[in-house]
Each structure stands twice: as structure tokens, then as C-alpha cells.
Amino acid sequence: MISIREAYLEAAASAVALLRDPAVAAAWDRPSALKEFSVHGLAGHLGAQVLRVSQLLESETPNAEPLPVAEFFARAAAFDADVDSEVSVRIRRNGESAAADGARALAGEVESALAQQRAALPAEPADRVVSAVGTVLLLDDFLLTRMLEIVVHSDDLAVSADISTPPFPPRVFEPVLDLLSRLAVARHGQPAVLRALSRAERAPGTIAAI
């Protein structure tokens with residue numbers, strides 16, 4: 001079976017390809033499909049998911065017990081933040097900053113980080129932990145959260161650039177789908193998710209996970 005690390009590297013490579021798409025550069029200064037995000041800010045946010053992995057691999061290993069992934073999202077300020085909240089504004093500013101040198105430079109930086117990660121990730125022990133947003137996660141669980149971000153924001157960026165959403169293979173998409181499903185249950189409860197997936201006549205208005 002393919003590991004989460006291999007699946008993450010495949011997702012990250014897809015992000016690089018999307019960032020290099022000429023349609024993204026052509027739409028660079030337009031508003032994106034996400035409220036208050038420009039296309040280049042959204043592209044920067046997508047690229048930052050890969051760059052963040054390199055930053056954590058280079059940081060010291062924290063001496064603390066890792067949290068489960070669902071609890072990581074439950075504690076994350078951005079999980080329930082509205083578009084005008086301080087954390088949402090900071091995320092948009094960070095995306096703008098990451099994209100400040102243009103589409104080609106951003107794609108090159110992300111591609112370089114990915115090349116380093118291809119060498120670094122296989123050497124990391126299975127119990128490697130990292131500190132992210134004030135919490136501690138197993139490295140593999142953190143990579144799963146980055147896969148979720150890459151898959152979701154690849155769709156956002158593709159829609160913003162008027163191109164097709166990149167297809168992801170099952171080894172990438174299915175772990176993300178599983179995590180999104182668990183987060184949807186945490187947010188809306190079992191009956192809501194069950195009905196949305198099986199009973200159109202009783203389906204709630206939304207089971208959005210994030």
C-alpha cells in the first residue's frame with residue numbers, strides 16, 4: 001500500500017503543476033472564487049501548504065504527545081473563523097506574501113521545496129512529530145492535513161482560473177475524503193451526514209466540513 005508520505009508528494013506535485021498552468025498566471029490579479037482572496041493570494045496559500053512542510057522538517061522535534069487529526073482541526077482557530085476574522089485576514093495576507101514575486105517564482109519555490117522533501121521524507125522515522133499552529137501532530141498526520149488543503153484549494157484555484165479541477169488518484173483523494181467526512185460528522189453530527197449521502201428527501205442544507 002502507498003504511504004501517506006508518498007501520497008502527499010503526489011499531491012504536492014499536482015499543486016506545482018497547477019501553479020505552473022498559464023491560466024493561473026493570466027488570472028493572477030483577478031478576484032478568486034473565495035471571498036476576499038485574489039487569485040495570486042489563493043495561489044500563494046496553496047503553495048504555502050508545501051512550503052510549510054519544509055519549514056517543519058527543518059525545525060526541532062517537539063517533546064510532546066501528538067494530537068489526533070480531528071482534534072487538531074477542532075482546536076484550529078481558522079476552522080470556525082469567518083472571512084473577516086483576524087486569523088482569516090492573516091491567512092490571506094500570508095498568501096499574498098508568498099505570491100509577491102509572481103507566478104513563476106512561486107511555482108519554482110514550491111517545486112524546489114518538493115524536491116528537497118522527496119529526499120527528506122523517507123528518512124524521517126515513523127514516530128516523527130511536528131509542531132503546527134501551536135499543536136503537535138505526527139508528521140504523517142500533518143501531511144494528511146496538507147493533502148486536504150492541497151486538494152480543496154486546487155479546486156478553488158482551478159475554478160478561479162477557469163480551468164478544470166486537477167484529478168487526483170484514489171491514493172490521494174480517498175484519505176482526504178475520509179478526513180473531510182470525519183470533520184463533517186464532527187461539525188454536523190452523524191444523522192446529517194448520513195442523510196446527505198443517502199436520503200435526498202431528508203438531506204440538510206449543507207454538510208460542509210470546512
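The values are calculated or read from the model by the stated rules, or taken from the named source; none is laboratory data. If you're wondering where the values come from, they're calculated on a predicted model, not measured in any experiment. Reconstructed Cβ throughout: ideal geometry from the backbone, glycine too, with neighbour counts over all protein chains shown. In case anyone asks, the SASA skips ligands and DNA or RNA and just uses the protein heavy atoms, side chains included. Shrake-Rupley method; radii C 1.70, N 1.55, O 1.52, S 1.80 Å.
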Among residues of the range 135-167, those that are more than 15 Å from the chain's Cα centre (by Cα), within 17 Å of L46 (Cβ to Cβ) and open to solvent by less than 20 Å² (accessible area, probe 1.4 Å), counted: 2
Residues (surrounded by fewer than 17 Cβ atoms within 10 Å (Cβ to Cβ) and either in a helix (DSSP H, G or I) or β-branched (V, I, T) (or both)) located in the range 52-68: Q55, T61
The range 65-87 residues that are at pLDDT 85 or above, paired with ones that are of a type in the set (V, I, T) (beta carbon under 6 Å, 6 or more apart): P66/V129; P66/V136; L67/T135; F72/T135
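Got a sec? Which of A132, A126 is open to solvent by 20 Å² or more (accessible area, probe 1.4 Å) and modelled with pLDDT under 95?
A126
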Total residues in the range 83-94, condition touching a helix residue (DSSP H, G or I) at 6+ places or on another chain (Cβ under 7 Å) and open to solvent by 40 Å² or more (accessible area, probe 1.4 Å): 2
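Could you say which residue among V129, V133, V152 is of a type in the set (V, I, T) and touching a helix residue (DSSP H, G or I) at 6+ places or on another chain (Cβ under 7 Å)? Full working, then the answer.
Working: V133 fails: touching a helix residue (DSSP H, G or I) at 6+ places or on another chain (Cβ under 7 Å); V152 fails: touching a helix residue (DSSP H, G or I) at 6+ places or on another chain (Cβ under 7 Å).
Going through V129, V133, V152 in turn, the sole match is V129.
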Any chance L34 is part of a loop (DSSP other than H, G, I, E, B) and either of a type in the set (A, V, I, L, M, F, W, C) or open to solvent by less than 30 Å² (accessible area, probe 1.4 Å) (or both): yes
Test: residue in the range 95-102 that is of a type in the set (G, A, S), surrounded by 14 or more Cβ atoms within 10 Å (Cβ to Cβ) and farther than 22 Å from S38 by Cα: no
Members of the range 177-210 that are in contact with a Lys or Arg (Cβ under 7 Å, 6 or more places away or on another chain) and either open to solvent by less than 70 Å² (accessible area, probe 1.4 Å) or not in a helix (DSSP H, G or I) (or both): A203, P204, A209
Residue within the range 38-45 that is surrounded by fewer than 16 Cβ atoms within 10 Å (Cβ to Cβ), closer than 26 Å to D162 by Cα and of a type outside the set (G, A, S) present: no
